[in-house]
Amino acid sequence: MTVVCTAETPPHLVADLSSSSGSVTLTVPSNYSGRVAMSTSSGSASSDLPITIQGTISKRRLVGTIGAGSGRTALRTSSGSVRLKRQAAPTLHLSTGHAM
């Protein structure tokens, strides 16, 4: 399961995603702020965003806070990996001002 938030998604997003089979990936806005809980029975847990870890660090479980922690995100799967990704910054296309 893959969920990608738009640039208009508020930074204090609340999301709860789970799967019994397959990986779970959530792409959040670059300014996301929230408490995060990720777990898997078979696979790994990872985050592209800087996270303050709470508790024991484990390959299959990740709990912590990103930013001020105003939102809440839970990602779970029984078989597969869980991943929290940061949305890429928008790309600017500049015109050279020359006619082609």
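The values are calculated or read from the model by the stated rules, or taken from the named source; none is laboratory data. Owing to the predicted nature of the structure, the values given are computational and were not obtained by experimental measurement. Positions of Cβ are backbone-derived with ideal geometry, glycine not excepted, and every protein chain shown enters the neighbour counts.
Does Ala74 qualify as being of a type in the set (Gly, Ala, Ser), touching a Cys at 6+ places or on another chain (Cβ under 9 Å), outside any loop (DSSP other than H, G, I, E, B) and at pLDDT 90 or above? Spelling it out, it is not the case that Ala74 is of a type in the set (Gly, Ala, Ser), touching a Cys at 6+ places or on another chain (Cβ under 9 Å), outside any loop (DSSP other than H, G, I, E, B) and at pLDDT 90 or above. Considering the stretch 42-58, and only residues there that are among the small types (Gly, Ala, Ser) and within 22 Å of Ser70 (Cα to Cα), the residue that is surrounded by the fewest Cβ atoms within 10 Å (Cβ to Cβ) turns out to be Gly55.
Does at least one position in the stretch 69-83 carry a residue that is touching a residue at least 24 places away in the same chain (Cβ under 8 Å), in contact with an Asp or Glu (Cβ under 6 Å, 6 or more places away or on another chain) and surrounded by 14 or more Cβ atoms within 10 Å (Cβ to Cβ)? So that I can check it myself, show each step before the final result.
We begin by selecting, within the stretch 69-83, every residue touching a residue at least 24 places away in the same chain (Cβ under 8 Å); these are 69-83.
Okay, now just the ones that are also in contact with an Asp or Glu (Cβ under 6 Å, 6 or more places away or on another chain), so 74.
When the remaining residues are screened for being surrounded by 14 or more Cβ atoms within 10 Å (Cβ to Cβ), the result is 74.
The answer is yes, given that some residue of the stretch 69-83 is touching a residue at least 24 places away in the same chain (Cβ under 8 Å), in contact with an Asp or Glu (Cβ under 6 Å, 6 or more places away or on another chain) and surrounded by 14 or more Cβ atoms within 10 Å (Cβ to Cβ).
Among residues of the stretch 9-62 being assigned to a strand (DSSP E or B) and basic (Lys, Arg), the one that is farthest from Ala74 (Cα to Cα) is Arg61.
Being more than 16 Å from Gly80 (Cβ to Cβ), in a loop (DSSP other than H, G, I, E, B) and either out of contact with any Gly (no Cβ under 9 Å at 6 or more places or on another chain) or free of Cβ contacts under 8 Å to residues at least 24 places away in the same chain (or both): is that true of Thr6 here?
Values: more than 16 Å from Gly80 (Cβ to Cβ): yes; in a loop (DSSP other than H, G, I, E, B): yes; either out of contact with any Gly (no Cβ under 9 Å at 6 or more places or on another chain) or free of Cβ contacts under 8 Å to residues at least 24 places away in the same chain (or both): yes.
Here the answer is yes, as Thr6 does meet what is asked.
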